[in-house]
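Single-structure report; data block below.
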Amino acid sequence: MPGRSPPIRHSASLLARGLLCLGLAAMPVSAGRAAEGPAATVPIPPPVPPERPDTLKPALAPAEAGPPVPPARPAELTPPAASAPKDAAKDTAKPLGGADGAKPEIPTPPPTPPGRPPELSGGAALTLKVAPPDDTACRTRLKRLGVDFEPLTPIAEGQCTAPLPLKVTKFADGVALPQGATLTCRAAEALARWVTEVQVEAERALKHPLTGLELGGSYVCRGQNHDLDAKLSEHAFANAADVMGFTFAGRASIPVKAMAEGSDEAQFLAAIRGKACGFFRTVLGPGTNAAHANHFHLDERERNAGHRLCE
């Protein structure tokens, strides 16, 4: 119908304008976003930790309170208070320093040490003596070893002492000591046991029994190596013996000295010298030094950790 065509064109025109407006409205927004680029990341604050439970919170002390006070000492561990004179109590109650800064007065003088007992004072102290060791068991062993001996009176020459000396005159199997020997029981026992080994070696190596020992000395109040300024020798305590030679039945005696290498005498002396190291703490002889070139020095000197000197 010709009368209705204009309204249709008007509607289409309105629709086209609306689409154009929508397109124009959309264009600035897209251009703006393209210019800004990707959106910036906003940092997120870290999570807050949970609040501490009340049971784990320390008790708050009042502001005026001082440092914590340790618990009181139990009554059973508290020493009883010593009674003091009234004047002393007054003095101890004074403050440590006066208003003028003066030092506190000492209430009483310090206690004096107790007096020395009468038995440790004056001349009585000089008469004190150390009881000698009991050597009853040692003397019993000497008798079982076949040793002839007799007790002597105590020896006291200045620092040279021997409270229980013995005089030894014969060993087992009739091995004699023509000069005798003044020794402590311990030294005499060591010598007796060594002589038994010497007898065995004499019969094995020399085919002749041992009959005696020639001693150069036992107790002598002197220093080492006869030096007046040296430390006292064990001879000064009847704790040493110097063996100069050996006598045998049916053959010549053997002195202690350097012998021809390989000879029966040299082998005999070397063997018995080595065995002496098992009985004495000190064994010296030819080759040790010039002072021992003609005898065996045998003694029982005590050393640290049981050390022995065998040269």
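A short reminder: the numbers here are calculations on the coordinates, not readings from a lab. Keep in mind the model is a prediction, meaning the values are calculated, not measured. With ideal geometry, Cβ positions are generated from the backbone for all residues, glycine too; neighbour counts draw on all protein chains shown.
Points to keep in mind about this one:
- Proximal charge balance of G287 [Cβ under 11 Å; K/R count +1, D/E count -1]: +1
- Note on R141 and R308: with the Förster distance fixed at 22 Å, the Cβ-Cβ geometry gives a FRET efficiency of about 0.55.
- Peptide ranges 291-304, 163-176 listed from the most packed, as the mean C-beta count within 10 angstrom indicates: 163-176, 291-304
- Proximal charge balance of G245 [Cβ under 12 Å; K/R count +1, D/E count -1]: -2
- Taking a ≥ b ≥ c as the square roots of the eigenvalues of the Cα gyration tensor, an a/c ratio of 1.5 or more together with a/b larger than b/c marks segment 241-311 as prolate.
- Rounded to the nearest 20 debye, dipole of segment 134-261 from Cβ charges on Lys, Arg, Asp, Glu: 340
- Above-threshold pairs, the threshold being 24 Å between Cα atoms, out of K167/K207; K231/K257; K231/K275; K143/K207; K207/K257; K170/K231: K167/K207; K231/K257; K231/K275; K143/K207; K170/K231
- 3J(HN,Hα) couplings calculated from phi for segment 140-155 with the Karplus curve 6.51 cos²θ - 1.76 cosθ + 1.60 (θ = phi - 60°) are, in sequence order, 5, 5, 4, 5, 5, 7, x, 8, 8, 8, 8, x, 10, 5, x, 9 Hz; Gly and Pro show x.
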